[in-house]
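The values are calculated or read from the model by the stated rules, or taken from the named source; none is laboratory data. Since we're looking at a predicted model, the values are computed, not measured. Here the Cβ positions follow ideal geometry from the backbone for every residue, glycine too, while neighbour counts run over all protein chains shown.
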Amino acid sequence: MKKFVFILSLIIIVISNNSCKKVLKGFNQDGEISFLIRLPSIAQSRFEAKCVTEDILLFQVKIQSPNNSVQTIDFQNQNFRINETFIFGNLATEDGTWLITFIGTSALTNLSFSKTQPYEMVIEGDDFE
C-alpha cells in the first residue's frame, strides 16, 4: 500500500509540475507589439509614442516622411516601460502618410520586433482666407 501511495504522489507531483509551465506572450493575444503615436504640434514633426502592450528595449526608430526622406534615431536598447512616453524626430511637417518603424526587443519575451506604423499627418490651411 505504501508503494502505491508513493507512486501516486510521484505522478501527481510530475503532472502538477508540468502544468505550471507557461509561455510568455505580450499583452495582445497574438503577441504583437503595439504603439500609440501622436504629434503634439504641427510646427515640427516631433512625435511622441508609447508602447501600449508591454515593456520594451528600444534599439531604433526610423521615420519616413511622405517625400521619402528618412531619419533614423538610435535609442541604444533603452528600456521603456509599458505606456512610458518617448519623443523622437525633428523633420519639417508635411501632409501625407508617414511611416514610423520601431525596432527593438520585448522585455517580456526577449524576442526581437520591427513594427511599422503609418501616421497620417493632416495640415489644414488657413481658415481666414
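Using the structure shown, decide if VAL5 is modelled with pLDDT of 95 or more and not in a loop (DSSP other than H, G, I, E, B). Against the criterion (modelled with pLDDT of 95 or more and not in a loop (DSSP other than H, G, I, E, B)), VAL5 does not qualify. Among residues that are out of contact with any Ser or Thr (no Cβ under 9 Å at 6 or more places or on another chain), surrounded by fewer than 13 Cβ atoms within 10 Å (Cβ to Cβ) and not polar (S, T, N, Q), PRO118 is not included. The residues of the stretch 28-82 that are in contact with a strand residue (DSSP E or B) (Cβ under 8 Å, 6 or more places away or on another chain) and acidic (Asp, Glu), listed by number, are GLU32, GLU48, GLU54, ASP55, ASP74.
Evaluating ILE63 against the criteria (1) in contact with a Lys or Arg (Cβ under 9 Å, 6 or more places away or on another chain); (2) buried (at least 16 other Cβ atoms within 10 Å of the Cβ); (3) at pLDDT 90 or above leaves one unmet condition, (1). Just one residue in the set ASN90, ASN110 is of a type outside the set (A, V, I, L, M, F, W, C) and not in a strand (DSSP E or B); that residue is ASN110.
Checking each residue in the stretch 62-85 for being assigned to a strand (DSSP E or B) and under 11 Å from the mean Cα position of the chain (by Cα) picks out only PHE80.
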